[in-house]
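All remarks here apply to the structure that follows.
Nothing in this text is a laboratory measurement; each read-out follows from the coordinates by a stated rule. Bear in mind the structure is a predicted one, so any value in this text is a computation, not a measurement. Cβ: placed from backbone, ideal geometry, glycine included. Neighbour counts: every protein chain shown.
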Amino acid sequence: GAALDGGTGAARRRHQTHHSVCRSCLSTEGHRVARASDRHLVVAFDFGLRRIGIATANRATGTASPLTTLRVDRALPWPDIDRVIEDWRPAQLVVGVPEGEGAAAIARRARSFGAALAERYGLPVATVDETLTSVAAEAELAEKRRSGYLRRRVGKGGVDRVAACLIAEQWMRQQ
């Protein structure tokens, strides 16, 4: 019994650390509830030329959670995105688009990605200004590391996931 409890506690701590990166987090129970009521689910994307951060959000609870980061090689990772959409069955997609100076090229690519998502999945796609989300995500992760909540540095993929989480939260605040 003790060995099992230790394993469960360790898994729970890892899960909590993973979800604590966003200000608002879904518990494991929230994920199951969210799947049953998919009209409340949102999947948000932090689009980049090398990586795409993905987060899920629940409009009913106003919470968001980082999900994964996909590598972008020569082409967009459509099979992986298909799997995310199939697994989560969201009612809404959100794509972060940088609106700052010097971001016109990436903004065009992000909008094009949003249009491709809408066409491929037949879901509504909203865009939000994500100009500072990566900076905010890095600052949030650095603070959690300084406070001892995160034991080690989070890589760029972690930053992208958290940025997607912040994009989802920003979109929900604007609704």
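For this structure, a couple of remarks:
- Peptides 97-103, 74-80 ordered by average Cβ neighbours within 10 Å, highest first: 97-103, 74-80
- 3J(HN,Hα) along region 162-175, derived from phi through the Karplus expression 6.51 cos²θ - 1.76 cosθ + 1.60 where θ = phi - 60°, amounts to 5, 4, 4, 4, 5, 4, 4, 4, 4, 4, 5, 5, 7, 7 Hz, with x in place of Gly and Pro.
- Taking amide hydrogens as placed 1.01 Å from N in the peptide plane, the amide H of Glu130 sits under 5 Å from those of Val97, Glu99, each at least 5 positions away in sequence or on another chain.
- Amide H to amide H distances under 5 Å link Arg51 with Val72, where only residues 5 or more positions off or on other chains count and H is placed in the peptide plane.
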